[in-house]
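The values are calculated or read from the model by the stated rules, or taken from the named source; none is laboratory data. No experiment lies behind these values; they were computed from the predicted model shown. Every residue, glycine as well, gets a Cβ built from its backbone with ideal geometry; the counts of neighbours run over all protein chains shown. These accessible areas exclude ligands, DNA and RNA; they are computed on the full protein's heavy atoms, side chains included. Shrake-Rupley method; radii C 1.70, N 1.55, O 1.52, S 1.80 Å.
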Amino acid sequence: MTERLDGTVALVTGASSGIGAATAALLARQGAAVAVAARRRDRLDALAAGLREDGSTVLVLRSDVTDEEQAKEAVDRTVAELGRLDTLVNNAGVMLLGPAVDAPLSEWRRMVELNVLGLLYCAHAALPHLLAAAEDSPRRVADMVNISSVAGRVARSGSGVYNLTKHGVGAFSEALRQEVTGRHVRVSLVEPGAVATELAGHNRPEVLETMRTRFAGVERMQAEDIADAVTYIVTRPRHVAVNELLIRPTEQEG
Ligand SMILES: NC(=O)c1ccc[n+]([C@@H]2O[C@H](COP(=O)([O-])OP(=O)(O)OC[C@H]3O[C@@H](n4cnc5c(N)ncnc54)[C@H](OP(=O)(O)O)[C@@H]3O)[C@@H](O)[C@H]2O)c1
């Protein structure tokens with residue numbers, strides 16, 4: 001059933017750690033040339049070196065996708081240097097939790113700027129290329145995979161603005177899916193539960209303590225588990241579109 005991705009090009013945002021790095025690696029292993037975008041160039045270089053040793057083609061893009069120009073440049077350079085764009089994985093994100101009362105507004109701004117605007121800038125720049133790829137590639141299908149969260153399905157006290165951004169990603173993804181699916185651009189939403197990555201580490205110490213309590217004893221997923229899901233989605237045959245995947249650790253109840 002699985003189609004390999006030879007001859008295709010994927011751009012993964014937030015590829016310097018966690019889910020993005022694991023996804024870029026797995027897509028490369030499936031034969032895709034990968035463009036990896038994030039702000040920490042040293043991390044991207046290390047990832048690229050490992051993948052190139054295995055024979056993959058990798059383009060490193062130091063890019064802050066909250067900047068409209070840089071997001072567009074990441075897409076444009078992917079197409080200019082790797083020749084096309086078949087797959088966009090909109091993964092870069094930040095999660096800053098805690099009560100809304102007295103929350104630092106800067107944290108809210110960071111989440112909206114990255115989780116919503118960054119994703120939109122990349123999607124906007126990529127869409128013409130994805131539509132073209134769906135027309136002229138041997139597979140005649142292209143993919144945009146947007147990484148949301150369980151937080152995009154369930155709102156909780158202490159998570160309001162993260163919930164807002166991820167619910168927004170879900171709404172945009174479904175509307176866009178309806179718009180472009182007839183032209184064989186598949187828009188998919190992946191909603192992970194707790195994954196062991198750097199994501200939580202950006203929170204204030206008091207918030208981290210609450211998070212530890214919530215997930216005490218839960219065996220978290222690994223970034224590779226979500227990379228596996230993304231790879232499943234983009235390797236489906238042309239007539240199959242996986243619209244949405246909600247993936248929790250087995251021990252995570254809510
Ligand atoms: N871990 C979880 O439990 C979990 C659960 C549900 C959903 N998610 C979602 O999964 C996605 C990936 O998160 P992760 O868990 O893999 O966390 P992570 O390890 O912290 O990865 C986040 C990535 O985003 C990049 N990034 C941050 N700001 C950026 C910017 N302005 N421009 C470009 N890239 C930027 C980071 O790289 P630089 O710092 O180098 O830029 C990093 O590569 C996020 O959208 C997150 O909301 C994670």
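For the chain, the 222 nm mean residue ellipticity estimated from helices alone, with every DSSP H stretch of n ≥ 4 adding -39500 (n - 2.57) and the total spread over all residues, rounds to -13500 deg cm²/dmol. Summary value for the chain: 21 percent relative contact order, contacts being C-alpha pairs under 8 angstrom separated by 6+ residues. Around the Cα centre of region 38-114, unit charges on the Cβ atoms of Lys, Arg, Asp and Glu (plus for the first two, minus for the last two) sum to a dipole of about 120 debye.
Taking amide hydrogens as placed 1.01 Å from N in the peptide plane, the amide H of Leu59 sits under 5 Å from those of Val34, Ala35, Val36, each at least 5 positions away in sequence or on another chain.
Around the amide H of Ser188, modelled in the peptide plane, lie the amide H atoms of Met144, Val145, Asn146, all under 5 Å away and 5 or more residues distant in sequence or on another chain.
The residues of the chain have, on average, 46 Å² of accessible surface per residue, using a 1.4 Å probe with all protein chains present.
Loop-resident GluC sites (Glu not before Pro) (DSSP state other than H, G, I, E or B) in region 223-254 with no more than 11 further Cβ atoms inside 10 Å of their Cβ: Glu253.
Note on Thr213/Leu117: beta-carbon distance plugged into 1/(1 + (r/R0)^6) with R0 of 30 Å gives a FRET efficiency of 0.40.
With K and R counted +1 and D and E -1, the other residues having a Cβ less than 12 Å from that of Glu73 yield a net charge of -3. Which of rounded, prolate or oblate describes region 1-61 when judged by the alpha-carbon gyration tensor and an a/c cut-off of 1.5? Note, shape of region 1-61 comes out prolate.
Put a dot 7 Å past the Cα of Asp6, heading toward its Cβ, do the same for Leu105, and the two dots end up 5.6 nm apart. Taking the Cα centre of the chain as reference, the dipole from Cβ charges on Lys and Arg (+1) and Asp and Glu (-1) amounts to some 220 debye.
Note on the chain: GNM, Cα springs under 10 Å; of Ala25, Ala49, Ala241, the largest mean-square fluctuation is that of Ala49.
If you roll a 1.4 Å probe over the chain with all protein chains in place, what percent of the accessible area is carbon or sulfur? Please list the in-between numbers first.
On the way: 5980 of 11780 Å².
C and S fraction of accessible area: 51 percent.
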